[in-house]
1. Read through the list (1) closer than 23 Å to Asn335 by Cα; (2) surrounded by fewer than 16 Cβ atoms within 10 Å (Cβ to Cβ), then give the number of the only condition that Gln261 fails.
2. Where in the stretch 9-113 are the helices (runs of 4 or more DSSP H), entirely inside, with at least 1 residues that are surrounded by fewer than 15 Cβ atoms within 10 Å (Cβ to Cβ) and at pLDDT 95 or above?
3. Mind listing whichever residues of the stretch 341-363 are more than 21 Å from Leu303 (Cα to Cα) and assigned to a loop (DSSP other than H, G, I, E, B)?
4. So, in the stretch 374-412, how many residues would count as being over 12 Å from Leu340 (Cα atoms), in a loop (DSSP other than H, G, I, E, B) and in contact with a Pro (Cβ under 8 Å, 6 or more places away or on another chain)?
5. Can you pull out every residue in the stretch 185-242 that is farther than 27 Å from Leu111 by Cβ and of a type in the set (A, V, I, L, M)?
6. In the set Thr433, Thr454, which member is in contact (Cβ under 8 Å) with a residue 24 or more places away in the chain and outside any strand (DSSP E or B)?
Amino acid sequence: MDNILKKTLCVLAAFSFLVTAAMLAAATGNGNAFYDTSKFPFNPTLIRVMGGREVKVSDYTDDETCGGCHAGKHEQWKGSMHSNSFKDPVWREQWKRAFSEVGPELGNECLGCHTPVGTVARVIMTPDDIPKIDAVSAAGVQCDFCHTVASNHFNETTLGEPFNMAFTVDPGDVKKGPLSDSDSPFHQTVFSEIHTEAELCGNCHNVMDPKSGLMIEHTYDEWKKSVYAQNGLVCQDCHMIPVENLEETARTMKRKDNPGQASEIGPERPNIHNHEFVGGNFALTKMLGGDKQSGIAVKRLKLAASLDLAAPKKVSPGAKTKVTVRVNNVAAGHNLPTSLSMLRQMWLDVEVTDGAGRTVYRSGALDKNGDLGADAIIFNSSVLDTDGKPTLKPWRMVKFDYNRTIPPRGSAARDILFTVPKVLKGPLKFRATLKYRSFPQYVANDLLGKDAVTVPVVDMVEKIVNISI
């Protein structure tokens, strides 16, 4: 009987392996419709146009026109990372390098989410097209593009979940959104279920490298496994609300209504969606003129986490001492950090000083070049290339080495070990600060050269405990 069971398990394991291998091969383009341009004409971006028709830039309304009736929403969007997705200098330089190293096969994958109109209208295909791009395409994820998304078709892919812009657009006079009773003198309006769902966002916030099959960004997947998803909270419920409502929404797992007008010529409504689309990117929004959005991002980062310290009440001179720092993800519906987590830096800056202000222990301080030392306790991920070496080039990533990001409502504990000096003045002050920046300074220096700015750092949360001697 045992032999039969073992043989059965071996067969099932082999079958599971073959199915997994087949799915991976299909997802990476080996004979799958993922590379079938008859189904996905903008390959490797999975977006397509309703009816397969040709699209011109003129089929889309420019954002300034939208702002004529939606001034408030337009002002919120302007300066957001959605409005700056094509102007983002860090992304743009990365794209140029991807195109140079790999060519259009993968170099064009980024365009779908960073200039969707430019992609479907085929006005930008290579970096050489940048100087001649039109204003609508350069407006990134702009109003009319989002409000003419008609449907998802990620169910036609092997993964069966949103990624790489797997939805269908239908540019024209009919604008789609989450309201069922809107009425406009300028365009037709219809209710759209997809605009109420996380999958709309997931199509750009899950990113797979089609060559390796690696999901290099998986913010949607992180949300889908979270308590937020289990309670029916979607991306829009946290990222399209006033930042003042975030703490209550995360604590209660219920969306707090945001009364107002979707249009200045429309009625007062019990709940509307803000359009700043703010996450944690405070650095580039400020660099590109979005001071308001940058300020909101800083507030969101300061609400996202909490710290707990477990320290002895009293220590003796010369004693080896341990303090445990626990980092809690309290208000993010995805991991901290998320997106390209191998680029993000969220770390603990720890300092222990005595009563005279002398430093007893320090880790997590930036060096003179603005970089973190090897002793820093950092929460991010590391990805390897085909040679098994860490890489920050998305187009070279094939395998995660580790992922130390913190899931929603999750936590991570780290022990800080230090020796109390034999001669000191007490008490000891143990300070832990959770810090964040969008990318390392050396990355900014490499990508932006002489135009590189000092990458700003946010103190997300700080906690101090005094230890008697």
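The values are calculated or read from the model by the stated rules, or taken from the named source; none is laboratory data. Remember, it's a predicted structure, so these values are computed and weren't measured experimentally. Backbone-built Cβ (ideal geometry, glycine too); neighbour counts: all protein chains shown.
1. Exception for Gln261: condition (1).
2. On the way: elements: 63-66, 71-77, 89-102, 104-107.
Of the helices (runs of 4 or more DSSP H) lying wholly inside the stretch 9-113, those with at least 1 residues that are surrounded by fewer than 15 Cβ atoms within 10 Å (Cβ to Cβ) and at pLDDT 95 or above span 63-66, 71-77.
3. In the first step, residues of the stretch 341-363 are kept if they are more than 21 Å from Leu303 (Cα to Cα); the result is 342-343, 351-363.
Listed by number, the residues that qualify are Met342, Leu343, Asp354, Gly355, Ala356, Gly357, Arg358.
4. Residues in the stretch 374-412 being over 12 Å from Leu340 (Cα atoms), in a loop (DSSP other than H, G, I, E, B) and in contact with a Pro (Cβ under 8 Å, 6 or more places away or on another chain): 1 in total.
5. Passing the criteria: Val190, Val227, Ala229, Leu233, Ile241.
6. Matching residue, one of Thr433, Thr454: Thr454.
Table: residues versus (1) among the aromatic types (Phe, Trp, Tyr); (2) surrounded by 18 or more Cβ atoms within 10 Å (Cβ to Cβ).
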| position | (1), (2) |
| --- | --- |
| Phe282 | yes, yes |
| Leu309 | no, no |
| Lys313 | no, no |
| Thr338 | no, yes |
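Every residue, every condition in (1) in contact with a His (Cβ under 9 Å, 6 or more places away or on another chain); (2) under 30 Å from Gly426 (Cα atoms); (3) not charged (D, E, K, R), yes or no:
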site	(1), (2), (3)
Glu264	yes, no, no
Asn281	no, no, yes
Leu288	no, no, yes
Val298	no, no, yes
Gly333	yes, no, yes
